[in-house]
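Visitor: Have a look at this one before I ask anything.
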Amino acid sequence: MTYLFFSYFKDLVGREVTVELKNDLAIRGTLHSVDQYLNIKLENTRVVDQDKYPHMLSVRNCFIRGSVVRYVQLPPDGVDIELLHDATRREARGG
Amino acid sequence: MTVKSGARVLPDVFGRFLTLSRIVALKILLKPLVYSLCTKGRTGMATEEDSAVKEPLDLIRLSLDERIYVKLRSDRELRGKLHAYDQHLNMILGDVEEIVTTVEIDDETYEEIVRTTRRTVPFLFVRGDGVILVSPPLRTA
């Protein structure tokens, strides 16, 4: 079990992210929490393409199973590149 | 009669159990030793030749902080700078260009119309289960 992305997402709690799912649905919201499977809980959510998915209009917070995630768009200032490089190298050695 | 033979069998079984447990105990004791020997060999070599490609993931390790090409399921391609990855091929890419290829069939001529949609994203986490291939940057170009 590796914790690289788990810890990274934990540091991102409270920030705005856009989660794109494998069914092309994109949900923007505040990252509330994350677990070891990279399941994600979002708050104050809104669907990016509301015309295409009007049935999600009333959903204000949601749990997203990690396995249905395709991408997560990250806030540009929420990425410490040096930290990520170091963590990745450590992980490559140990794993 | 039956009691006697039973009494003779009992210590025998007990003795076997003892030797068995001794072997198990020995194995448990030896395990960390063998383990540490293995890892010692590995780390020793890693310091000597840090840039050597010994397993497929090493190729990706060497692409860290370089622009890579990623082919994904559902006809998606990404080009971006690799900032992080793990053994699942979860990745964080920077300055990403995504190309989505869609094929439509013309209603009248039944010809296939290939369309590509491009977009750029500053920073993107990519879940590893969608990854088909990862290619290091073209050094010849």
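The values are calculated or read from the model by the stated rules, or taken from the named source; none is laboratory data. Please read these numbers as outputs of a predicted model, since none were measured by experiment. Note that each Cβ is placed from the backbone with ideal geometry, even for glycine, and that neighbours are counted across all protein chains shown.
Visitor: Do you know which residues across region A:8-29 are touching a Leu at 6+ places or on another chain (Cβ under 8 Å) and assigned to a helix (DSSP H, G or I)?
Guide: A:8, A:9
Visitor: What is the residue count in region B:105-141 for residues that are within 14 Å of chain A (Cβ to nearest Cβ) and among the β-branched types (Val, Ile, Thr)? So that I can check it myself, show each step before the final result.
Guide: Step one: of region B:105-141, the residues within 14 Å of chain A (Cβ to nearest Cβ) are B:117, B:119-132, B:134.
Applying the additional criterion that residues be among the β-branched types (Val, Ile, Thr) yields B:117, B:120-121, B:126, B:131-132, B:134.
The qualifying residues number 7.
Visitor: Another one. Among the strands (runs of 3 or more DSSP E) lying completely within region A:30-95, list those that include at least 1 residues that are within 11 Å of chain B (Cβ to nearest Cβ) and in contact with a helix residue (DSSP H, G or I) (Cβ under 8 Å, 6 or more places away or on another chain).
Guide: Correct list: A:40-47, A:69-73.
Visitor: Something else about it: Given the structure, is residue B:99 among the aliphatic types (A, V, I, L, M) and under 21 Å from the mean Cα position of the chain (by Cα)?
Guide: no
Visitor: When you scan region A:52-72, how many residues do you find that are over 20 Å from residue A:35 (Cβ atoms) and not hydrophobic (A, V, I, L, M, F, W, C)?
Guide: The total comes to 6.
Visitor: Right, here's the next one. For residues in region B:58-87 being in a loop (DSSP other than H, G, I, E, B) and facing chain A (nearest Cβ under 8 Å), which is nearest to residue A:9 (Cα to Cα)?
Guide: B:86
Visitor: Just checking, which of A:82, A:91, A:43 is within 25 Å of residue B:95 (Cα to Cα) and free of Cβ contacts under 8 Å to residues at least 40 places away in the same chain?
Guide: Among A:82, A:91, A:43, only A:82 is within 25 Å of residue B:95 (Cα to Cα) and free of Cβ contacts under 8 Å to residues at least 40 places away in the same chain.
Visitor: Of all residues in region B:85-113, count the ones that are surrounded by 10 or more Cβ atoms within 10 Å (Cβ to Cβ) and touching a residue at least 12 places away in the same chain (Cβ under 8 Å).
Guide: 18
Visitor: Let me ask you something else. Quick test of your reading of the structure: residue B:102 fulfils all but one of (1) touching a Lys or Arg at 6+ places or on another chain (Cβ under 7 Å); (2) more than 8 Å from chain A (Cβ to nearest Cβ); (3) at pLDDT 95 or above. Name the failing condition by number.
Guide: For residue B:102, the exception is condition (3).
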